[in-house]
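Student: Please see the structure below; I have some questions.
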């Protein structure tokens with residue numbers, strides 16, 4: 001990226017999409033783009049750490065750095081981009097934990113950090129992002145229990161924590177989830193599905209490939225609105241023939 005990019009002071013959107021011959025680093029001169037609201041560098045061969053100086057783009061509302069070869073930890077300074085409504089760092093080689101400074105992003109609606117090598121527990125402080133509508137942390141190396149406090153994200157429409165190393169029980173508080181879909185598949189979750197899940201009216205509930213046991217009949221309501229329920233590869237024990245299936249449910253997803 002030429003350093004002369006900083007000589008476009010009125011630029012409000014910058015998009016590098018599928019540019020496989022993009023190499024090197026982002027020039028510091030990009031910080032001169034004070035009107036930039038949207039920055040997307042997607043599907044390139046750009047490598048190295050995420051530059052700390054990106055935090056100087058204080059009018060940025062949309063930041064997508066997904067599907068590159070970025071490495072290292074997520075800079076805590078990204079939290080200075082207080083106008084951000086969407087942040088996507090997926091499909092990189094990021095390591096470490098999500099910094100607690102991210103709670104400063106109170107305008108954030110969509111957070112996607114999937115298919116990286118993030119590790120450690122899912123932070124409790126994510127529940128402070130009260131405007132979050134979409135949270136995808138799938139396909140990482142996250143471990144430990146699922147924080148019950150995530151149920152406090154009452155605006156959340158999609159929660160995807162699948163393909164991690166999460167253990168323990170599904171929090172009973174998740175029965176308050178009002179979103180469209182909840183993905184907890186391909187973890188090491190154990191115990192019974194909370195009875196509170198009988199109150200869910202999600203489009204899709206995906207719990208496959210865990211170590212869940214007991215009864216799951218509470219998920220099936222004749223007048224329910226669920227279209228897809230995936231319970232495969234668990235240890236459930238209940239009589240499916242006595243279940244009243246929702247009219248909306250596609251049989252191929254049971």
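The values are calculated or read from the model by the stated rules, or taken from the named source; none is laboratory data. For clarity, every value in this text was computed on a predicted model and none was experimentally measured. Heads up, the Cβs are rebuilt from the backbone with ideal geometry, glycines too, and the neighbour counts pull from every protein chain shown.
Student: Kindly check whether there is at least one residue in the range 116-133 that is within 21 Å of residue 26 (Cβ to Cβ) and modelled with pLDDT of 95 or more. Before you say what the answer is, go through the steps one by one.
Tutor: Taking the range 116-133 and keeping what is within 21 Å of residue 26 (Cβ to Cβ), we get 116.
With the extra rule that they be modelled with pLDDT of 95 or more, the set shrinks to 116.
For the range 116-133, residues within 21 Å of residue 26 (Cβ to Cβ) and modelled with pLDDT of 95 or more: present.
Student: OK, next. So which residues in the range 114-128 are assigned to a loop (DSSP other than H, G, I, E, B) and in contact with a strand residue (DSSP E or B) (Cβ under 7 Å, 6 or more places away or on another chain), if there are any at all?
Tutor: Residues of the range 114-128 that are assigned to a loop (DSSP other than H, G, I, E, B), as a first pass: 114-118, 121-123.
Across the range 114-128, the qualifying residues are 114, 116, 117, 118, 121, 122.
Student: Hey, another quick one. Answer yes or no: is there a residue in the range 173-191 that is assigned to a helix (DSSP H, G or I), modelled with pLDDT under 90 and either outside the structural domain of residue 150 (by the TED database) or surrounded by fewer than 18 Cβ atoms within 10 Å (Cβ to Cβ) (or both).
Tutor: To start, the set of residues in the range 173-191 that are assigned to a helix (DSSP H, G or I) comprises 173-176.
Still in the list and also modelled with pLDDT under 90: none.
Within the range 173-191, none of the residues are assigned to a helix (DSSP H, G or I), modelled with pLDDT under 90 and either outside the structural domain of residue 150 (by the TED database) or surrounded by fewer than 18 Cβ atoms within 10 Å (Cβ to Cβ) (or both).
Student: Got a sec? Which strands (runs of 3 or more DSSP E) wholly within the range 1-96 have at least 3 residues that are closer than 22 Å to residue 114 by Cβ, in contact with a strand residue (DSSP E or B) (Cβ under 6 Å, 6 or more places away or on another chain) and in contact (Cβ under 8 Å) with a residue 12 or more places away in the chain?
Tutor: Numbers: elements: 13-17, 38-42, 62-64, 69-72, 86-88.
Answer list for the range 1-96: 13-17, 38-42, 62-64, 86-88.
Student: Just to be sure, is residue 236 crowded, with 20+ Cβ neighbours inside 10 Å and at pLDDT 85 or above? I'd like the intermediate steps shown before the answer.
Tutor: Working: crowded, with 20+ Cβ neighbours inside 10 Å: no; at pLDDT 85 or above: yes.
No: the conditions fail for residue 236.
Student: Collect the residues in the range 194-213 that are closer than 13 Å to residue 231 by Cα and modelled with pLDDT under 95, keeping them in residue-number order. So that I can check it myself, show each step before the final result.
Tutor: First pass over the range 194-213, keeping only residues closer than 13 Å to residue 231 by Cα: 204-213.
Once the filter is applied, which keeps residues that are closer than 13 Å to residue 231 by Cα and modelled with pLDDT under 95, the range 194-213 yields 204, 205.
Student: Look through 57, 78, 89 and report the one residue that is closer than 24 Å to residue 121 by Cβ, touching a helix residue (DSSP H, G or I) at 6+ places or on another chain (Cβ under 7 Å) and modelled with pLDDT of 95 or more.
Tutor: Just a single option satisfies the conditions, and that option is 78.
Student: Restricted to the range 158-169, and to residues that are part of a loop (DSSP other than H, G, I, E, B) and touching a strand residue (DSSP E or B) at 6+ places or on another chain (Cβ under 6 Å), which residue is surrounded by the most Cβ atoms within 10 Å (Cβ to Cβ)? Let's see the steps before the verdict.
Tutor: Keep residues of the range 158-169 that are part of a loop (DSSP other than H, G, I, E, B), which gives 161-164, 169.
Retained after the next criterion (residues that are touching a strand residue (DSSP E or B) at 6+ places or on another chain (Cβ under 6 Å)): 162, 164, 169.
Numbers: 162: 23, 164: 26, 169: 15.
Looking at the filtered set, the residue picked out is 164.
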